[in-house]
Each structure stands twice: as structure tokens, then as C-alpha cells.
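> Quick one: the structure is below, questions incoming.
Coordinate-derived values only; no laboratory data. Computed from a predicted structure; not experimentally measured. Glycine also receives a Cβ, built like all others from the backbone with ideal geometry; neighbour counts cover every protein chain displayed.
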Amino acid sequence: MSHGKIQIVVMLIIILLIFSITYVYFSQLGIATGRENNNSTALLNMEFGVGTLNIGNSSYHVYIANTLRLQQLGYMNASGIGNCNGLGKCAGILFVFSNDSMQCFWMKNTFIPLKQSWISNGMVNYTYSGTPLSQNSICNIGNMVLETAPSFSIEYGEHVNYTGPV
């Protein structure tokens with residue numbers, strides 16, 4: 001084989017290797033295939049406990065982020081809302097804090113759009129539609145923040161009752 005042909009073969013192998021590594025990385029994030037990544041749902045199910053959230057006359061399961069580690073993790077790198085450990089009717093993640101205080105959220109490393117609702121004294125006092133991958137901090141006062149799919153029905157002034165770990 002001539003020197004030129006060896007260089008071409010080596011370059012093709014390197015390109016194939018780079019493509020394979022890139023594809024595996026992005027498919028782990030649920031981006032390359034366009035499908036929800038079951039691994040991200042599995043991670044949500046392994047990491048988060050589940051509680052119950054009552055909004056009006058409806059009850060929903062929610063993942064609970066009640067520790068600093070879970071609050072930092074949130075929906076980062078997830079490709080879907082998840083199934084609340086297979087319990088169904090999953091609203092999203094409820095961030096539970098020890099008292100009413102200024103809570104700031106951003107969407108860095110979050111690939112899905114989310115509606116964020118700040119809750120204080122059992123009432124929604126602010127909602128915001130988060131933009132995937134945004135590093136802008138959005139802040140409001142609350143002792144809970146609910147992150148849901150944008151289509152989830154929760155509005156300013158609604159009463160919310162949470163049952164689960166604090």
C-alpha cells in the first residue's frame with residue numbers, strides 16, 4: 001500500500017471514531033435520535049422520591065427535590081418529564097425549601113422547555129416559561145417551585161397542597 005493510501009485509511013478511521021463518539025454522547029442526552037432517552041427517565045426514577053401534589057380537585061405525582069443535591073440536579077440533561085417511578089400522571093419536579101425565600105432558577109443544561117411556578121403559603125404567586133439551555137436566572141419568593149411541561153395547567157393564584165417528604 002502506498003503512503004498516500006495509508007494516510008487516507010487512517011483519516012477515515014479517525015473520522016469514523018469521532019462520529020461514533022459524538023453520536024453516543026448525544027444519544028445519551030436524547031438529542032441524536034430525536035427520541036426521549038429512557039436513561040434520563042431511569043436516572044430521575046433512581047435519584048428522586050415521589051410525593052403528591054393537589055391542585056384544585058386534581059392530584060398529581062411529582063418528583064421531590066428536597067436536598068441541595070437534588071435541587072442542583074433538577075431536569076438537567078433529562079429529555080422528558082419522566083413517569084414518577086412508574087406511578088403515572090406525573091406533573092414534574094417539586095423543589096421544596098425550608099421557608100419562604102428568594103429562589104432563583106435557570107435552565108443551563110436543561111434540554112426541555114419547562115413551566116416554573118413559585119408557590120408561597122400554598123398558593124401559586126408567579127409562573128414563568130423557561131427556555132431550554134438559558135443561563136438567565138429567574139427569581140421569585142416561595143417555599144416551593146414546581147417545574148412542569150409548558151402545557152401543564154397551573155396558574156397564578158391557584159391553591160396547591162403538597163403531601164410528601166420535606
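> Can you check what the net charge comes to around Y126, using other residues whose Cβ is under 14 Å from the Cβ of Y126 (Lys, Arg +1; Asp, Glu -1)?
My count for the surroundings of Y126 gives -3.
> What spacing in nm lies between the two simple spin-label points modelled at S58 and T163, each 7 Å away from Cα in the Cβ direction?
1.8
> Can you pull out the GluC sites (Glu not before Pro) in the stretch 114-166 whose DSSP state is coil and whose Cβ has at most 13 other Cβ atoms within 10 Å?
Within the stretch 114-166, the qualifying GluC sites (Glu not before Pro) (loop, at most 13 other Cβ atoms within 10 Å) are E155.
> If a/c stays under 1.5 just call it rounded; otherwise compare a/b with b/c (prolate if a/b is bigger, oblate if not). Do that for the stretch 47-166, with a ≥ b ≥ c from the square roots of the Cα gyration tensor eigenvalues.
It is rounded, given that a/c, with a ≥ b ≥ c, falls under 1.5.
> For the pair E47/H3, report the inter-label distance in nm, with labels modelled 7 Å from Cα in the Cβ direction.
The answer from the label model is 5.2 nm.
> Taking the number of other C-beta atoms within 10 Å as the exposure measure, put C139, C84, C90 in order starting with the fewest.
Ascending number of Cβ neighbours within 10 Å: C139, C90, C84.
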